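Before any comments, here is the structure.
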Amino acid sequence: MAQSLSCPEQKFTAGERYLDFEVTKVTSLPDIRQTAYEILHLPTGAKVLHLHNNDPENLYAICFRTPPEDSTGLPHILEHSVLAGSEKYPLKDVFNELHRGSLQTFINAFTYPDKTIYPVASQVRQDFFNLARVYTDLVLRPRLLRETFAQEGHHFEFSVPDDVHSELVISGIVYNEMKGAYSSPDSLMYKAIQENLYPDTVYRNDSGGAPDAIPTLTYDHFLAFHRAYYSPSNARFFLYGDIATRDCLDFLQEMLSGFAAVVVESRIESQKRWTAPQAVTGYYPIGPDEDPKAKTAVNLAWMLADNLDYATVILLEIVAWALVGSAAGPLRKALVDSGLGEDLSPVTGLEKDLRQLAFVVGLRGTQADRAAAIESLVLETLSRLVETGFERDLIEGALHQVEFQGKEIHRGVYPYGITLMGRVFHTWLYDGDPLAGLNFPAIIDDIRRRWEQEPALFQHVLRQWFLDNQHRLLSIMEPSATYQKEQEAKYSESIRTTVAELTPADREAIAEKALILKRFQTEPDPPEAAKTLPIIAIQDLSPEVDVIPSQAETRSGVTILSHDLFTNDIAYLHLAFDIAHIPDVLQSYLPLLCKFMTGLGAGELSYDELSKQIALKTGGIGIHLTSGYGFGGRQTWQKMIVHIRMLYRNIPAAMDILSDILFRGKLSETARMKDLVFEGRNDLQAAVVPSGHIFAKRTAAASLTLPAYREEQWHGRNQLKFINGLAESWGEDLKDFTGKMADLKALIIRKDKLIVNLTADAAGLRLLADAMDPVLAELSDDRFAICETSIPALSNRTGVMIPAQVSYVAEAFPAPTYGSDLAAPLFVLSRLLSNGYLYKKIRVEGGAYGGMCQYDTTGGVFSFLSYRDPHLERTLSVYAEALRFAEKGAIPHEEIQKAIIGSIGALDRPMDPVSRGFASMIRYFSGLNDEERKKFRLAVLSMDDKALSGEALEYLVRVKDKAAVAVYAEGEKMHTANMVLQPPLQIETLT
Ligand SMILES: [Zn+2]
């Protein structure tokens, strides 16, 4: 990550020529540590933007404008298919080879409603250019084989593979991926709004693909789309990182040689503004026995300004945040307090990834007949705000959040370069200034100036873009217990005529094609093809581990860990309270306690005032629960971690907020509690279908270890059952409930076993440690009683019914933790199976969107997972075969080498400063020191074939009878599977 504030010196001047390029503009952005070069490739007209900085995690992305002509998912299927292989790299799945055998820190591809982006990132220069070189060749010169199209897009399959008389079904990876997406209420809700708010533009189509339209896509059409849009003349190349601009251009010169300019018509047209509001009703699936009462969502959506009008866009961002961005947002508050629905709709907020922005707000957990009331409430609230204006603190809070985000060195799951890339494309894609949305500090200054000159600035924005704007859509999404069946019928109907007209010869031809596809999928790539890919050698990998600076001291009887890191004037604080002594019956209440502590009022402040202060003085406060094993699996730890981030100048104010939350929380505000309970329930429920594999893993693993059992209790189906029960019977015994919460909090917020973790530079650490003193002094000195916990007996063959068109299948094994000699071989094995055997059998051959393997070295669980899977029993047999496949000692040496490189890549995943501080604290809980980490890394680097196919697999085979299975799927599918499964699944409802 970037280690200083300066931005690199300018190495080119505007107007300068270099090779085939002309540098058109050079801009220094010291506040965000970037020097930006806008460059044109003269022979093709390709546009290049390089953000030069001192971040060693370099990022390269190729973007094409790809307006979809229909909902066959053409852009999406093409996105999957180009990455399969090119003439120069004639393998069947180059993407997977790069993914598993490189030091990539990010490799992916994204289909948006109007563009397709191919990004790769790495911290190692040679690896970075290898990846960028191969990626460029793949997108510009792909092979696009017929087999790839069939595999990724769609093809016919006999439901009994060798029987030409059996039923014909459609399969394909994108097809199944989209069936999963079309089972998620949240995606259906968003889709209905996008398609109906922009009905005269390409946004009326689904670039991802509608399952009933995907099978109508032809191979010729697919090839033609690539020819039309994938040329340098329609491309934008985005580069980010510490590699010199000259080196980037040398590389691009080579990549673009041989291409000439072509005319590409890919302009994204604007939607014409309506003169009157519109309404639309849609449906989403619920289980056949589910009660549809209070399950409707009602949203209002406005089409706002064009992304190119950036001055307005940023004002709209501030207004959107002020309206709904915090619990104090007046529009959010009006809706939630109205009792017209359970909680705010999950699609609420500003949508910026389209040419013209949209703002959406609404309620879920409501009834269709309340739509008119919801609409009037929203409009009345907005009118009132136009009259009275926003409270000053709300706007200040929004400005502070923008400032904070601009300042923070942030790398979550995605590299920081990806965050900046997203902002760049909001304007660049439509031929606007690519830097318009980047320079946060300058943007804030500008808004402050305008606001001073025109105090009613935000009222004017509200009037113009909301009240006076007739381009408004009322969208109602109703639950349907028959939706699932109707969709299935629609899919079979769409192929029925085709199937009915098939002659016996046609059926033979389909069987023949299926055979060719199967052969294509199972045959290994020729060795000479595999050699075309540039790969890094194991001896070039560093044996050193990244050491995170860490100091431990005791202050007022509490252990304080501090990490001296450059954080750009932001301080991070974690308070890890022990919760191992909390009795089992109370553990399920903990997630709600976390929510209540920050969501209710505290001290003098009501909940909305508290939320305003949090936005004004901090970058956010969060509380979460986590647990794991100590080193060598000897004991477990369980923690509630309070996390707060703030600018140095706000440390004292943030500490006041923190003490209010810890010591003076209002655990008696029952009306607000109710809202939080329903919101918690609805969020968790909505997460099940999109993350079905994670839920299945939690359910399977819960019977194996205490940390996994807690995970299910806090974040999985057990929590959903618990919170659902609470929501259903809300109000029955509130006194008992609030009493329990207060007792629970008193049991946790104590000095005993508390670990404080600080991350900042030396000056920040001093400020933070001093400001902590009053907080520590107020903590209770009471000691805990030790509580023994054991896991209750749970089913280890569970089937959970969900309304989804695809399945999620998990099998979990108890596994050793860090400190065991088996940990390193199991770690490499999990990658080998994930990107090798399971990927091939479950995704490539099985047609599921994902098949993978995970090994949790702190939690002690090894698991097999499938995602958006058309199969169920077949997947379980694949898992069983996975254990046998390596037994034969048949893993090719090169496969193991790739798994080692990929494992090192995973160990070296870059982290932002706060994540490094956090990781160091977790290692402290787990008793994992740098020497042991180094030992582990050396064991990975020197892994021999025997350790994998021998020890690691033998271990899994040995514990196979202790493994647990959980499936999340539609009920009927599981009943059918149970006719052959031995032992059968114990089928249960979700809640
Ligand atoms: Zn996809």
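The values are calculated or read from the model by the stated rules, or taken from the named source; none is laboratory data. Values in this document were obtained by computation on a predicted structure and should not be read as measured data. Positions of Cβ are backbone-derived with ideal geometry, glycine not excepted, and every protein chain shown enters the neighbour counts.
Worth a mention:
- Restricting the search to strands (runs of 3 or more DSSP E) fully inside region 781-900 and requiring at least 3 residues that are under 28 Å from LEU938 (Cβ atoms) gives 850-856, 861-867.
- Residue in region 789-798 that is out of contact with any Lys or Arg (no Cβ under 6 Å at 6 or more places or on another chain) and modelled with pLDDT of 95 or more present: yes
- Which listed residue, of ALA762, ALA686, is more than 30 Å from ALA181 (Cα to Cα), in contact (Cβ under 8 Å) with a residue 60 or more places away in the chain and in contact with a strand residue (DSSP E or B) (Cβ under 9 Å, 6 or more places away or on another chain): ALA762
- Of the residues screened, ARG868 is one that is within 16 Å of the ligand (Cβ to nearest atom), at positive phi and either buried (at least 24 other Cβ atoms within 10 Å of the Cβ) or of a type outside the set (Ser, Thr, Tyr) (or both).
- Residue satisfying condition, being touching a Ser or Thr at 6+ places or on another chain (Cβ under 8 Å), part of a strand (DSSP E or B) and not hydroxyl-bearing (Ser, Thr, Tyr), within set ALA358, ALA305: ALA305
- Within region 537-566, the residues that satisfy the criterion of being surrounded by fewer than 17 Cβ atoms within 10 Å (Cβ to Cβ), β-branched (Val, Ile, Thr) and more than 31 Å from the chain's Cα centre (by Cα) are THR554, THR559.
- With a requirement of 1 or more residues that are closer than 17 Å to GLY325 by Cα and among the hydrophobic types (A, V, I, L, M, F, W, C), the helices (runs of 4 or more DSSP H) lying completely within region 560-631 that satisfy it span 607-617.
- Residues located in region 364-405, provided they are of a type in the set (Gly, Ala, Ser), in contact with a helix residue (DSSP H, G or I) (Cβ under 9 Å, 6 or more places away or on another chain) and surrounded by 18 or more Cβ atoms within 10 Å (Cβ to Cβ): GLY365, GLY397, ALA398
- Subset of region 580-612 that is without any contact (Cβ under 8 Å) to a residue 60 or more places away in the chain and over 14 Å from ARG664 (Cα atoms) - its residue that is surrounded by the most Cβ atoms within 10 Å (Cβ to Cβ): CYS594
- Search result, residues across region 884-914 that are aliphatic (A, V, I, L, M) and either in contact with a Phe, Trp or Tyr (Cβ under 9 Å, 6 or more places away or on another chain) or closer than 28 Å to VAL174 by Cα (or both): ALA886, ILE891, ALA899, ALA906, LEU907, MET911, VAL914
- Any hit, region 204-219, residues being among the small types (Gly, Ala, Ser), within 16 Å of the ligand (Cβ to nearest atom), part of a helix (DSSP H, G or I) and touching a Leu at 6+ places or on another chain (Cβ under 9 Å): no
- Test set (1) of a type outside the set (Gly, Ala, Ser); (2) in contact (Cβ under 8 Å) with a residue 12 or more places away in the chain; (3) touching a Lys or Arg at 6+ places or on another chain (Cβ under 8 Å) - LEU217 fails condition number: (3)
- Inter-residue pairs, beta-carbon under 8 Å, first modelled with pLDDT of 95 or more and in region 55-81, second acidic (Asp, Glu) and within 16 Å of the ligand (Cβ to nearest atom), 6+ apart: PRO68/ASP206; SER71/ASP206; GLY73/ASP206; ILE77/GLU152; HIS80/GLU152; SER81/GLU152
- If you check VAL164, VAL169, VAL160 for being in contact with a strand residue (DSSP E or B) (Cβ under 8 Å, 6 or more places away or on another chain), away from the ligand (no atom under 16 Å from the Cβ) and part of a loop (DSSP other than H, G, I, E, B), only one passes: VAL164.
- Filter pass, VAL878 being modelled with pLDDT under 95 and of a type in the set (Val, Ile, Thr): no
- Scanning region 82-92 for residues that are within 16 Å of the ligand (Cβ to nearest atom) and either part of a loop (DSSP other than H, G, I, E, B) or at pLDDT below 95 (or both), we see that the one that is nearest to ALA530 (Cα to Cα) is ALA84.
- Note on region 667-686: residues that are modelled with pLDDT of 95 or more and either among the small types (Gly, Ala, Ser) or part of a loop (DSSP other than H, G, I, E, B) (or both) total 1.
- Scope region 68-81; condition closer than 18 Å to ARG267 by Cα and either away from the ligand (no atom under 13 Å from the Cβ) or in contact with a Lys or Arg (Cβ under 6 Å, 6 or more places away or on another chain) (or both); matching residues: PRO68, GLU69, ASP70
- Residues of region 742-763 that turn out to be in a strand (DSSP E or B) and touching an Asp or Glu at 6+ places or on another chain (Cβ under 6 Å), as a count: 1
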